[in-house]
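A.B. asks: What follows is a single structure, and I will ask about it in a moment.
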Amino acid sequence: MRTAFYISDGTAITSEVFGHATLSMFPVEFNHQTIPFVETVRKAEEIKELIDLNAKNTGERPLVFFTFVNPKLSDIILSSQGVCYDFLALASKVVKKELNVEPVPKVHRTHSIHEASYDFRIDAVNYALANDDGANIKDYEQADIILVGVSRSGKTPTSLYLALQYGIKAANYPITEDDLEKGNFPKCLLPYKNKLFGLTINPERLSAIREGRMANSKYASIRQCRIEVREVEMLFKKHRMPYLNSTSHSVEEISAKIISETGLTRRKY
């Protein structure tokens, strides 16, 4: 298995994102290794030795995605036996030419704290936790969005991701079997129809998830899951509300699609 290193003098998040995005295009399995906070020459030399050892032991040169502010550290990694990609340096050269402005590199700047953004996100996370699974219905006036769907369709992780990444106040409400039998949303949601966004999921996947929680129960049975998914999708269509099938999407993709469809403001920068 080929090894891919993601290295940085900061969190290495940028290296990971770029590296994973690039490698995802290739049908090859990788052993992923992330190494953040490589801030000294000594540490960089240790990582170089690790890369060289990997190349020797596997007989294949590892792929190395890295970002460094200090060019001395970059030079050490570039001297390794890895196939190195300093993508941030390449991108900054193009932008420098267009803007006619010299870049001013600074360690940890990419993921440093912006106070306004940080406050938005902390408030949003607290809101998501307080309004999880139908709690605090009276507090829905503050919601930017209310995710609705059957139990275990991805509402809670999506709510928390929207909050943590983008400062979006997302409540979530479970549509129960009783709600589906009545053929309508609970009355508490009707005043907020413009904030509702539905999540659905393939019945087979839903059954597998529920089996992990309540094995051999009616709740987890494929028959029950098929009924609930069919009925909730009919409910979404009845109210002409947007919804998304979460089955084959990561929480990052679900959140991005929700923001794209609703036009919600990202409070990230």
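A.B. asks: Taking the residues in region 236-255 that are out of contact with any strand residue (DSSP E or B) (no Cβ under 8 Å at 6 or more places or on another chain) and of a type outside the set (D, E, K, R) as candidates, determine which candidate is surrounded by the fewest Cβ atoms within 10 Å (Cβ to Cβ).
C.D. replies: Applying the filter and picking the extreme gives Ser248.
A.B. asks: Give me the residue from region 256-268 that is outside any loop (DSSP other than H, G, I, E, B) and of a type outside the set (A, V, I, L, M) and, out of that set, most open to solvent (accessible area, probe 1.4 Å).
C.D. replies: Glu261
A.B. asks: Residue by residue through region 146-182, note down the ones that are open to solvent by less than 10 Å² (accessible area, probe 1.4 Å) and not in a helix (DSSP H, G or I).
C.D. replies: If the condition is that a residue be open to solvent by less than 10 Å² (accessible area, probe 1.4 Å) and not in a helix (DSSP H, G or I), then Ile146, Leu147, Val148, Gly149, Val150, Ser153, Gly167, Ile168, Ala170, Ala171, Asn172, Ile175 are the ones that fit.
A.B. asks: Do you know which of the residues in region 216-255 that are outside any helix (DSSP H, G or I) and basic (Lys, Arg) is nearest to Tyr173 (Cα to Cα)?
C.D. replies: Looking at the filtered set, the residue picked out is Arg240.
A.B. asks: Just to check your reading of the model, which residue among Ser153, Ser248, Ser260, Ser217 is under 24 Å from Val125 (Cα atoms), out of contact with any Asp or Glu (no Cβ under 8 Å at 6 or more places or on another chain) and free of Cβ contacts under 8 Å to residues at least 12 places away in the same chain?
C.D. replies: Matching residue, one of Ser153, Ser248, Ser260, Ser217: Ser260.
A.B. asks: When the residues of region 51-63 are narrowed to those that are touching a residue at least 12 places away in the same chain (Cβ under 8 Å) and assigned to a helix (DSSP H, G or I), which ends up least open to solvent (accessible area, probe 1.4 Å)? Write out each step before concluding.
C.D. replies: Going residue by residue through region 51-63, those that are touching a residue at least 12 places away in the same chain (Cβ under 8 Å) are 51-52, 54-56, 58, 60-63.
Add one more test, that the residue is assigned to a helix (DSSP H, G or I), and what stays is 51-52, 54-56, 58.
Numbers: Ile51: 0, Asp52: 38, Asn54: 26, Ala55: 17, Lys56: 166, Thr58: 67 Å².
Restricting to residues being touching a residue at least 12 places away in the same chain (Cβ under 8 Å) and assigned to a helix (DSSP H, G or I), the top hit is Ile51.
A.B. asks: Which condition number in (1) at pLDDT below 90; (2) open to solvent by 50 Å² or more (accessible area, probe 1.4 Å); (3) in a helix (DSSP H, G or I) is the one that Asp123 fails?
C.D. replies: Answer for Asp123: the failing condition is (1).
A.B. asks: Restricting to region 1-34, name every residue that is in a loop (DSSP other than H, G, I, E, B) and either open to solvent by 70 Å² or more (accessible area, probe 1.4 Å) or not aliphatic (A, V, I, L, M) (or both).
C.D. replies: Met1, Asp9, Gly10, Thr11, Ser24, Met25, Phe26, Pro27, Val28, Glu29
A.B. asks: For a quick check of your reading of the model, give me the residue pairs whose first member lies in region 13-41 and is closer than 19 Å to Ile77 by Cβ, whose second is modelled with pLDDT of 95 or more and of a type in the set (Asp, Glu), with beta-carbon atoms closer than 9 Å and at least 6 apart or on different chains.
C.D. replies: That search, which allows pairs on different chains as well, returns Val38/Glu46.
A.B. asks: Test each condition in (1) touching a Leu at 6+ places or on another chain (Cβ under 6 Å); (2) surrounded by fewer than 16 Cβ atoms within 10 Å (Cβ to Cβ) for Phe37 and report the one that comes out false.
C.D. replies: With respect to (1) touching a Leu at 6+ places or on another chain (Cβ under 6 Å); (2) surrounded by fewer than 16 Cβ atoms within 10 Å (Cβ to Cβ), Phe37 is out only on (1).
A.B. asks: Do you know which residues across region 185-215 are surrounded by 13 or more Cβ atoms within 10 Å (Cβ to Cβ), assigned to a loop (DSSP other than H, G, I, E, B) and either in contact with a helix residue (DSSP H, G or I) (Cβ under 6 Å, 6 or more places away or on another chain) or not aliphatic (A, V, I, L, M) (or both)?
C.D. replies: Listed by number, the residues that qualify are Phe185, Pro186, Asn202.
A.B. asks: Could you list, in sequence order, the residues of region 128-145 that are open to solvent by less than 10 Å² (accessible area, probe 1.4 Å) and farther than 23 Å from Ser117 by Cβ?
C.D. replies: Tyr140
A.B. asks: Any residue in region 120-147 that is farther than 26 Å from Thr200 by Cβ sitting within a Cβ distance under 6 Å of a residue that is open to solvent by less than 70 Å² (accessible area, probe 1.4 Å) and assigned to a loop (DSSP other than H, G, I, E, B)? List the pairs, counting only those 6 or more apart or interchain.
C.D. replies: Phe120/Gly167; Phe120/Arg267; Arg121/Gly167
The values are calculated or read from the model by the stated rules, or taken from the named source; none is laboratory data. Just so you know, these numbers come straight off a predicted model, no measurement behind them. As a convention, Cβ positions derive from the backbone with ideal geometry for all residues, glycine included, and neighbour counts pool all protein chains shown. When the accessible area is computed, the model is the full protein with side chains, heavy atoms only, and any ligands, DNA or RNA have been set aside. Shrake-Rupley method; radii C 1.70, N 1.55, O 1.52, S 1.80 Å.
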